[in-house]
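The values are calculated or read from the model by the stated rules, or taken from the named source; none is laboratory data. Just so we're clear, the structure is a prediction, and the values are computed from it rather than from any experiment. In this analysis, Cβ positions are derived from the backbone assuming ideal geometry, glycine residues included, and neighbour counts consider all displayed protein chains. Protein only, heavy atoms only, side chains kept; ligands, DNA and RNA dropped before computing areas. Shrake-Rupley method; radii C 1.70, N 1.55, O 1.52, S 1.80 Å.
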Amino acid sequence: TSQGCSSCPPADRLAAQLAERDDVIVVSRPVTYWDRLGWKDTLALPANTDLQRAYAKRGLDGRNGVYTPQIVANGASGTVGSREQAIEDMIAAETDSAVSLRVERDDNGEISVAITGDATGSATLSLLALDSEASVPIGRGENGGRTVRYTNVLKGERAIADWQGDTNPIAIPADRFRFEGADRYALILREGASGRVLAARYVH
């Protein structure tokens, strides 16, 4: 979504609802290209814009392209981010996965990640740093005068390890979980920089 897009607040509210579910990992990735209309999105990252464009170039099932609001499920399918029934259908179609993540934390805060399942190629395990809730008063543009709430906003992403089907646990030191502005973390296992997400989970 973007703070400069008047169609986006309904999608941001829906993201908050989806984040309450146990079977969905929600990550909000505000994009930058609406900034040209006079309000710079205070949460947007160029990497989010790059990822959306990479999805569109590769092609998503459903509605492809670069637009807001957009929701992408598992890096595989996309639709308008405010269309609740279409999103429910898309999530239901994307829930089956042959890969899973199991996470354990020791007394020092180090995380051990065991990946189980079948790999058809290589994938990257990445740590996502999130701000679980942010409220932004928007001063100008299409949403000027509104305060919009955002859920699980991406603050940064770190590649942890490559995975090619092996079962050896992957250790993540505790200091990797110190990221300015983040109060929540998630792990995703993704094929390439903009490929399908094979597995994901929050880290508690």
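Below is a table of values for the structure above.
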{"read-out": "Residue within segment 3-17 that is more than 16 Å from THR151 (Cα to Cα), open to solvent by less than 30 Å² (accessible area, probe 1.4 Å), of a type in the set (A, V, I, L, M) and out of contact with any Cys (no Cβ under 8 Å at 6 or more places or on another chain) present", "value": "no"}
{"read-out": "Pairs where the first residue, in segment 9-20, is under 13 Å from GLN70 (Cβ atoms) and the second is part of a helix (DSSP H, G or I) and open to solvent by less than 50 Å² (accessible area, probe 1.4 Å), C-beta under 9 Å, 6+ apart", "value": "LEU14/ILE87"}
{"read-out": "Residues located in segment 90-113, provided they are surrounded by 15 or more Cβ atoms within 10 Å (Cβ to Cβ) and at pLDDT 90 or above", "value": "MET90, ILE91, VAL99, LEU101, VAL103, GLU110, ILE111, VAL113"}
{"read-out": "Selected residue (only one of THR120, THR116 is touching a strand residue (DSSP E or B) at 6+ places or on another chain (Cβ under 6 Å), surrounded by fewer than 14 Cβ atoms within 10 Å (Cβ to Cβ), at pLDDT below 95 and more than 20 Å from GLU20 (Cα to Cα))", "value": "THR116"}
{"read-out": "Candidates THR32, THR42 - the one that is open to solvent by 70 Å² or more (accessible area, probe 1.4 Å), among the polar types (S, T, N, Q) and under 30 Å from GLY144 (Cα atoms)", "value": "THR42"}
{"read-out": "Filter result for ASN64 (open to solvent by less than 30 Å² (accessible area, probe 1.4 Å) and of a type outside the set (Val, Ile, Thr))", "value": "no"}
{"read-out": "Filtered residue count, segment 3-31, keeping only those that are closer than 21 Å to ILE188 by Cα and assigned to a loop (DSSP other than H, G, I, E, B)", "value": "12"}
{"read-out": "Residues of segment 132-154 classified as open to solvent by less than 70 Å² (accessible area, probe 1.4 Å) and not aliphatic (A, V, I, L, M), total", "value": "8"}
{"read-out": "Matching entry among ILE188, ILE172 (being open to solvent by less than 50 Å² (accessible area, probe 1.4 Å) and more than 14 Å from the chain's Cα centre (by Cα))", "value": "ILE172"}
{"read-out": "Exclusive hit being closer than 21 Å to ALA129 by Cα and either open to solvent by 50 Å² or more (accessible area, probe 1.4 Å) or among the hydrophobic types (A, V, I, L, M, F, W, C) (or both), set ARG83, ARG53, ARG21", "value": "ARG21"}
{"read-out": "Close pairs from segment 22-38: first in contact (Cβ under 8 Å) with a residue 40 or more places away in the chain, partner in a helix (DSSP H, G or I) and of a type in the set (A, V, I, L, M, F, W, C), Cβ under 7 Å, at least 6 apart", "value": "VAL24/LEU18; VAL24/ILE91; VAL26/ALA15; VAL26/LEU18; SER28/ALA15; ARG29/LEU51"}
{"read-out": "Qualifying residue in segment 128-145 (condition: of a type outside the set (S, T, N, Q), at pLDDT below 95 and farther than 21 Å from TRP39 by Cβ)", "value": "no"}
{"read-out": "Hits in segment 68-79 (condition: open to solvent by less than 30 Å² (accessible area, probe 1.4 Å) and in a loop (DSSP other than H, G, I, E, B))", "value": "THR68, PRO69, GLY75, ALA76"}
